[in-house]
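Single-structure report; data block below.
The values are calculated or read from the model by the stated rules, or taken from the named source; none is laboratory data. Treat the numbers as computed from the prediction; the structure is a model and nothing was measured. For neighbour counting, all protein chains shown are included, and Cβ atoms are generated from backbone atoms with ideal geometry for every residue, glycine included. Surface accessibility is based on the protein's heavy atoms, side chains included, excluding ligands, DNA and RNA. Shrake-Rupley method; radii C 1.70, N 1.55, O 1.52, S 1.80 Å.
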Amino acid sequence: MTARIIDGKAIAGEIRSELALQVKQLVKEGRRPGLAVVLVGDNPASEVYVRMKKRACEEIGVYSVVHSLPAEITQEKLLDLIDELNQDPKIHGMLVQLPLPSGLDESAVISRISPEKDVDGFHPLNVGRLWIGGEGFVPCTPAGVLELVQRAEVPISGKKVVVVGRSNIVGKPVISLFLRENATVTVCHSRTENLAEECAQADILIVAVGRPHLVKKDWVKPGAVVIDVGINRVDGKLVGDVDFENVSQVAALITPVPGGVGPMTIAMLLKATVDAAARS
Ligand code: NAD
């Protein structure tokens, strides 16, 4: 058996086209969606992500502004900028690119963002809303994972979903999203005993660890759906957490790295911004 590939790049492209139409309509109504990105310091990976986000906004007609601040900025000044953006009617979504340089209090900064503009879904209120089933922003990568599975028309309700990884930005929100879709969810992490056996139970296996080729062919049930969130650089090449070549011989559906979950993150960020403008 050879798995069918879930083409995240193509699906993200479809979403961006759908959003571009929605933005056109909102602009006609005088409600152009706006995204503010705050970048502190000069982390090269963060700079790349921020540039990609800005370009993606421009492509679909979303207004975007990047505030680049020096690493030495005080906590107070950073919070003042967030207060300003919270009040700015042109801005419907805002995010502070993480990680922040040392000396700045990440959780205080995130908590200062208005929950109604928190497109990354990291504010404690939105984290809580996700768990108790309320309306709110959902972290973009986990939202992209669910969207990929749904657009591939994979049934979720009642299915066994195994999530490997329990970080606040990927693993935990993935758990709550799939629970909300009525999956039977198991969470595995660095202390899990018999990880291979746990994974082999999954109808849908979602891996977000950051270890190249951790998941082997014999960890995957024949016919399972495998979603690889991992991004690792090995010998200058990007690879996921799943041994793609061998696992795709047993899985029914699988996401590649790159071109799987990755492109969905920005698509879901755009969607969150456009939705926020539509609600405004
Ligand atoms: P993290 O380091 O915060 O968390 C990793 C998780 O993996 C932890 O919960 C840990 O318990 C678990 N873990 C570590 N070693 C393990 C092992 N040997 N067996 C089982 N579990 C183990 O990482 P993160 O921020 O959640 O990111 C995970 C991966 O996803 C990374 O490769 C990251 O680059 C990638 N990522 C991709 C996107 C995207 O596609 N847009 C977004 C965010 C993160």
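Evaluate the following for residue 63: is it out of contact with any Cys (no Cβ under 6 Å at 6 or more places or on another chain), under 13 Å from residue 273 (Cβ atoms) and outside the structural domain of residue 224 (by TED's automatic domain parsing)? In short, yes. The single condition among (1) part of a loop (DSSP other than H, G, I, E, B); (2) without any contact (Cβ under 8 Å) to a residue 40 or more places away in the chain that residue 101 does not satisfy is (2). The criterion of at least 2 residues that are in contact with a Leu (Cβ under 6 Å, 6 or more places away or on another chain) is met by the following strands (runs of 3 or more DSSP E) wholly inside region 178-280: 184-188, 225-228. Could you please let me know if residue 230 is surrounded by fewer than 24 Cβ atoms within 10 Å (Cβ to Cβ) and either closer than 30 Å to residue 128 by Cβ or more than 10 Å from the ligand (Cβ to nearest atom) (or both)? In short, no.
Checking each residue in region 195-209 for being surrounded by fewer than 22 Cβ atoms within 10 Å (Cβ to Cβ) and within 11 Å of the ligand (Cβ to nearest atom) picks out 195, 196, 198. Go through region 40-78 and report how many residues are under 20 Å from the mean Cα position of the chain (by Cα) and polar (S, T, N, Q). Here the count works out to 3. Just so you know, in region 163-191 the residues that are more than 10 Å from the ligand (Cβ to nearest atom) and over 18 Å from the mean Cα position of the chain (by Cα) include one that is most open to solvent (accessible area, probe 1.4 Å), and it is 182.
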